[in-house]
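Input: a single structure, listed below in structure tokens.
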Amino acid sequence: MSSTGRPEPPDRGPLGRFGAPVGQGSQRPPHVLVATVAGFLEAGLLVLAALAYFLASVREPSFVVFGAVFLGLFLACLLGSVQVLRGRNRAVLMVAGGVAAAIALVLIAISVAGGTGFDAFSALVVLLGVAAVVLLLQAPSRDWFAARRER
């Protein structure tokens, strides 16, 4: 017991970058967790966009193509987020998030150039996609995935 009357915590040895004992490597960096949340949120927005395009295809049949693209991106973001959460692979979420962000950026440019104004929904898709990619490219994320591959 310490002088304050509280029991002292057990000595776990040297601590790593995120407070986990060195050698355990199971502590997920916050970068990975936030990228996963961003991927799941982006997947939710993409499924809403796919639904909107499928509903709009009643009036304009060519919107089915856009609905299918967004549905595919939804599935890729969902799969990539699950893989990142499990610590298996970060490439699927990085590619899907980047592609969705690029398409949404084009849609923003089209809506601004067409005179309909700024598209906040697409801007949120861009923000979440870029956030996921940037967070997964950070050193703590890279190191954690590298340590997971080595085991």
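The values are calculated or read from the model by the stated rules, or taken from the named source; none is laboratory data. For clarity, every value in this text was computed on a predicted model and none was experimentally measured. Neighbour counts run over all protein chains shown; Cβ positions are idealised from the backbone, glycine included.
Scanning region 66-87 for residues that are at pLDDT below 95 and surrounded by fewer than 16 Cβ atoms within 10 Å (Cβ to Cβ) turns up just one, Arg86. Filter region 41-65 down to the residues that are surrounded by fewer than 20 Cβ atoms within 10 Å (Cβ to Cβ) and under 30 Å from Pro30 (Cβ atoms) and list them by number. Those that are surrounded by fewer than 20 Cβ atoms within 10 Å (Cβ to Cβ) and under 30 Å from Pro30 (Cβ atoms): Leu41, Gly44, Val47, Leu48.
Scanning region 109-127 finds one or more residues that are touching an Asp or Glu at 6+ places or on another chain (Cβ under 9 Å), in contact (Cβ under 8 Å) with a residue 60 or more places away in the chain and buried (at least 18 other Cβ atoms within 10 Å of the Cβ). Which members of region 88-102 meet the condition of being buried (at least 17 other Cβ atoms within 10 Å of the Cβ) and either among the β-branched types (Val, Ile, Thr) or farther than 20 Å from Arg148 by Cα (or both)? Of everything in region 88-102, those that are buried (at least 17 other Cβ atoms within 10 Å of the Cβ) and either among the β-branched types (Val, Ile, Thr) or farther than 20 Å from Arg148 by Cα (or both) turn out to be Val92, Ala96, Gly97, Ala100, Ala101. From the list Ala113, Ala131, Ala104, the one residue that fits, being more than 11 Å from the chain's Cα centre (by Cα) and within 15 Å of Leu41 (Cβ to Cβ), is Ala104.
Taking each residue of region 30-53 that is over 14 Å from Val125 (Cβ atoms) and looking for partners that are surrounded by fewer than 20 Cβ atoms within 10 Å (Cβ to Cβ) and of a type in the set (A, V, I, L, M) with beta-carbon atoms closer than 6 Å, six or more apart or interchain, yields Thr36/Leu85. Residues of region 76-90 that are of a type in the set (A, V, I, L, M) and touching a helix residue (DSSP H, G or I) at 6+ places or on another chain (Cβ under 8 Å): Ala76, Leu78, Leu79, Val84, Leu85.
Here is a list: Ala56, Ala50. Which entry is modelled with pLDDT of 95 or more, closer than 18 Å to Ala104 by Cα and in contact with a Phe, Trp or Tyr (Cβ under 8 Å, 6 or more places away or on another chain)? Break it down into steps so the answer makes sense when it comes.
Values: Ala56 fails: modelled with pLDDT of 95 or more.
Checking each option against the conditions leaves just Ala50.
Taking first residues from region 68-92 that are touching a residue at least 60 places away in the same chain (Cβ under 8 Å) and partners that are among the aliphatic types (A, V, I, L, M), the Cβ contacts under 9 Å between residues at least 6 apart in sequence or on separate chains come to Gly87/Val32; Arg88/Val82.
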